[in-house]
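Report on the structure given below.
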Amino acid sequence: MPDTTQPPAAKDPNSQHWLTIALLLFGFYYLMQVFVSKPAQVISYSEFLQQVNNAAIAEVVLKGNEIHGRYRKSDANANFDFRVIAPNFENARLLDILEANDVNIKVQADELPFWARMIAGFLPWLLILAFFFWTSRALQSRMGASGGGLMGFSSSRARRFEPTTSGPRYEDIAGLESAKQDFQEIIDYLKNPQKYRDMGAHMPKGILMMGAPGTGKTLLAKATANEAEVPFFSVSGSEFIEMFVGVGASRVRDMFNQARKVAPALIFIDEIDSVGRVRGTGLGGGNDEREQTLNQILAEMDGFDPEEAVVVLAATNRPDVLDPALMRPGRFDRKITLELPQRKARAEILQVHSRHTPLAEDVQLDQIAAVTPGFSGADLANLVNEAALNATRDNRTSIRQEDFLSARDKVIMGTPRTDLLNPSERKRIACHEAGHAITAYFSSHSDPVQKISIVPRGQALGMTEQLPEEDRHNLNEDYLLDRLSVLLGGRCAEKLVFGNVSTGAADDLKQATRLGYKMVGQWGMGKNIGPIGYSIAEEHPFLGRELAEPKEFSEQTAHLLDEEVRLLLREAEQKTIRLLSEHSQHLQSLLQALLEKETLQHDEIVALLGH
Ligand code: ADP
Ligand code: ZN
């Protein structure tokens, strides 16, 4: 996600006005106090007593031990008031004296002046208010809300992008031809909605893009907005969900309103599955927020005026969990699946991403595409970057083929580990890998061996890599049986050479067993059980993870399945042992070569094993 420019949260002008007005009022009041009252003379207590005894004083105001007083009009000092501080212990005597001299006595409670009382009364409230303002501001800015009311929670957090000439265009997207084709009409509509209105044609309001992570869903949405030259609102489904119920719904409302204002526009909701899961499945209140948000999205889409050219694109890699209500006509009724790129598309993606990187003469992007099956667009972009890093680390000015290949190994298997294995462990690993390789090499339906290595990387102590000549879409039984043998090849070779097996084959066995269950239970390849197909060990189409499906068969069938799989694996093991015994010479020489060289490439393997 590129950085987005947010309008700075506008300073609330009201609060500043209030402050200024309050200060002015206080200032004015203070000045009044100073100018309206007569100037007061400070005199000493003795002088005061004397003046009282002289009968010059008309009136005194007692305020604690401070005395304010006025002279009689006839006195020479009549223009002035005076102020005196009396000693505390003098009070009783003073009153007598004042009375005796006929002075008018007023007593004032010892109070703060009016303005001080005002401050004392209001200050706590002011502080509380200020705190309130401050926290709401802080919340707003933390949540990236763009201004808005006192509590900016409810304003949409969608990032808005104006159409740019520098942003991604369709030419920056390799492969995905059919998806681009599908979007062509949408682009045309957004560019010229009137044309479609005149024809009375309705455009789809929502399009759902499904695909594995990194297949270019976001990229495609952005490029579509740029091609159509319309504003683009991007938000992730999870951003709607906050801790307060109802916030998500009002954010949705806000986002759609914003988009309507600038229509034609494109809204992109990433990870729609985080709000669009099947409703009413969870217990308790935790789902209320999500449901309300989803309902709001649906309501907004239903409420689109056909006059408003706003198209909503949503992306997900979990179409299986989406609420069917999302897919009803008038909502996300168009679906576009983005597949992982095939070899040709991979080469094109590499091409796109290495446009601005200096490539050495020997680089063959097509070759790299061939050795990266299963890589997504994002993986390939990352690969180019890793390769560039490799070249930079070696202070070279161009990227070589080997940079790409070692970057690929790093991406797939992790960085090589530097800890040394002891010689007997090393020999066992060499034997194990040679076993996989020999089985693959001499099985007629197996993928060619690309590379063998006993350099430990990540979790793996060694690896044997096979690559299909072409991307495979349909697997036949012969191929699968050979695949089972190859998986068991490492373990069988250990058995032959050392007479026993080790824990190193655990992962191979797991894979072989899974494959066995699929062959028997899913693809009907079991000899005795016959053509049956259950969703056993089925993987999520975009996540590659196994789904937890309820079992759809009886205990008895389960038992039969187990039996069949066991048989299948045992037969595969026997076949592999036979094959490895026939090629024990090859096994030995490959083992030695591996101990010497650690890594063998395809050509070296062919040279060693003949054929
Ligand atoms: P998704 O949203 O599907 O998870 P993105 O659109 O975020 O994937 O893709 C991530 C990055 O992968 C893109 O920014 C782009 O660099 C790269 N990429 C993915 N697919 C392609 C493609 N078909 N062509 C070129 N680059 C791609
Ligand atoms: Zn193995």
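The values are calculated or read from the model by the stated rules, or taken from the named source; none is laboratory data. Note that this is a predicted model, so its numbers are computed, not measured. Quick reminder, even Gly has a Cβ in these numbers, built from the backbone with ideal geometry, and neighbours come from all protein chains shown. Protein only, heavy atoms only, side chains kept; ligands, DNA and RNA dropped before computing areas. Shrake-Rupley method; radii C 1.70, N 1.55, O 1.52, S 1.80 Å.
Numbers for the structure displayed
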item: Complete set of residues in the range 476-501 that are aliphatic (A, V, I, L, M) and open to solvent by less than 70 Å² (accessible area, probe 1.4 Å); result: Leu480, Leu481, Leu484, Val486, Leu487, Leu488, Ala493, Val497, Val501
item: Pair list, Cβ under 8 Å, 6 or more apart: the range 166-177 residue basic (Lys, Arg), other residue near ligand 1 (Cβ under 10 Å from one of its atoms) and not in a loop (DSSP other than H, G, I, E, B); result: Arg169/Ala223
item: Boolean, Pro324 is touching a residue at least 24 places away in the same chain (Cβ under 8 Å) and not assigned by TED's automatic domain parsing to the domain that holds Gly211; result: no
item: Boolean, Thr513 is within 16 Å of ligand 2 (Cβ to nearest atom), surrounded by fewer than 16 Cβ atoms within 10 Å (Cβ to Cβ) and among the hydroxyl-bearing types (Ser, Thr, Tyr); result: no
item: Any hit, the range 373-391, residues being at pLDDT below 90, under 30 Å from Leu591 (Cα atoms) and within 16 Å of ligand 1 (Cβ to nearest atom); result: yes
item: Residue count for the range 190-203, restricted to those that are open to solvent by 70 Å² or more (accessible area, probe 1.4 Å) and either without any contact (Cβ under 8 Å) to a residue 24 or more places away in the chain or not assigned by TED's automatic domain parsing to the domain that holds Asn317 (or both); result: 4
item: Candidate set: the range 63-91, residues that are within 13 Å of Ile105 (Cβ to Cβ) and open to solvent by 30 Å² or more (accessible area, probe 1.4 Å); chosen: the one nearest to the chain's Cα centre (by Cα); result: Lys63
item: Enumeration of residues in the range 186-204 that are of a type outside the set (A, V, I, L, M, F, W, C) and either assigned to a loop (DSSP other than H, G, I, E, B) or under 14 Å from Pro264 (Cα atoms) (or both); result: Asp188, Tyr189, Lys191, Asn192, Pro193, Gln194, Lys195, Tyr196, Arg197, Gly200, His202, Pro204
item: Among the residues listed as Thr576, Thr599, Thr557, the single one being open to solvent by less than 70 Å² (accessible area, probe 1.4 Å) and either at pLDDT below 85 or in contact with a strand residue (DSSP E or B) (Cβ under 6 Å, 6 or more places away or on another chain) (or both); result: Thr599
item: In the range 385-414, the residues that are open to solvent by 30 Å² or more (accessible area, probe 1.4 Å), under 15 Å from Leu350 (Cβ atoms) and in contact (Cβ under 8 Å) with a residue 40 or more places away in the chain; result: Arg400
item: Every residue from the range 428-461 that is within 15 Å of ligand 2 (Cβ to nearest atom) and charged (D, E, K, R); result: Arg428, Glu433, Lys451, Arg457
item: Gly524 open to solvent by 40 Å² or more (accessible area, probe 1.4 Å) and more than 16 Å from ligand 2 (Cβ to nearest atom); result: no
item: Residue satisfying all of: in the range 433-446; outside any helix (DSSP H, G or I) and open to solvent by less than 60 Å² (accessible area, probe 1.4 Å); farthest from ligand 1 (Cβ to nearest atom) among these; result: Ser443
item: Count of the range 347-377 residues which are out of contact with any Asp or Glu (no Cβ under 6 Å at 6 or more places or on another chain) and either among the small types (Gly, Ala, Ser) or not assigned by TED's automatic domain parsing to the domain that holds Arg408 (or both); result: 7
item: Residue count for the range 378-432, restricted to those that are in a helix (DSSP H, G or I) and farther than 29 Å from Leu496 by Cα; result: 28
item: Strands (runs of 3 or more DSSP E) (entirely within the range 1-116) containing at least 3 residues that are at pLDDT below 80; result: none
item: Single unsatisfied condition, Pro373 versus (1) in contact (Cβ under 8 Å) with a residue 12 or more places away in the chain; (2) farther than 29 Å from Glu339 by Cα; (3) assigned to a loop (DSSP other than H, G, I, E, B); result: (2)
item: Verdict on Gly206 being within 22 Å of Pro329 (Cα to Cα) and open to solvent by less than 10 Å² (accessible area, probe 1.4 Å); result: yes
